[in-house]
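Colleague: This is the structure, below, for whatever I ask next.
Values in this text are rule-based calculations from the coordinates and carry no lab data. None of the values given here were measured: they were computed from a predicted structure.
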Amino acid sequence: MTVTADDLRTLLSSNEPGATLVLEEGKTKIYSRDQAAKLSSWVVTTLDDLRRDLPDPANPTAHDLDERAAMLDDTIASQGG
């Protein structure tokens with residue numbers, strides 16, 4: 001699994017402006033929106049998108065994070081990432 005619930009927890013706690021989770025050389029990393037735009041990395045999700053996609057972004061359950069991580073991972077795999 002490339003994207004984990006821990007990656008999403010880290011993204012949710014990020015103070016980076018426009019925090020963005022990217023896949024870079026097979027590893028996930030968090031950059032600001034501006035940094036991510038300058039890289040040729042795969043954008044997995046943004047903090048804003050993740051908050052929108054979770055039922056309760058202020059208090060996400062382990063199940064919600066695991067489920068969302070699996071969905072993001074499937075998207076990456078289907079695109080050959």
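Colleague: Once phi is turned into θ = phi - 60°, what whole-Hz ³J(HN,Hα) does the Karplus curve with 6.51, -1.76 and 1.60 give for every residue of region 24-34, x standing for Gly and Pro?
Modeller: Once θ is set to phi - 60°, the couplings for region 24-34 become 10, 6, x, 10, 8, 9, 10, 10, 5, 4, 5 Hz.
Colleague: Give a residue-ordered list of calculated ³J(HN,Hα) values for region 2-13 (Karplus: 6.51 cos²θ - 1.76 cosθ + 1.60, θ = phi - 60°; whole Hz; x for Gly, Pro).
Modeller: Couplings: 7, 9, 10, 4, 5, 4, 6, 4, 4, 4, 4, 9 Hz.
Colleague: Could I ask something else about it? Kindly write out, for region 43-55 in residue order, the coupling ³J(HN,Hα) from the Karplus curve 6.51 cos²θ - 1.76 cosθ + 1.60 (θ = phi - 60°), rounded to whole Hz, with x marking Gly and Pro.
Modeller: Values, residue by residue: 7, 7, 6, 10, 4, 4, 5, 4, 4, 5, 7, 8, x Hz.
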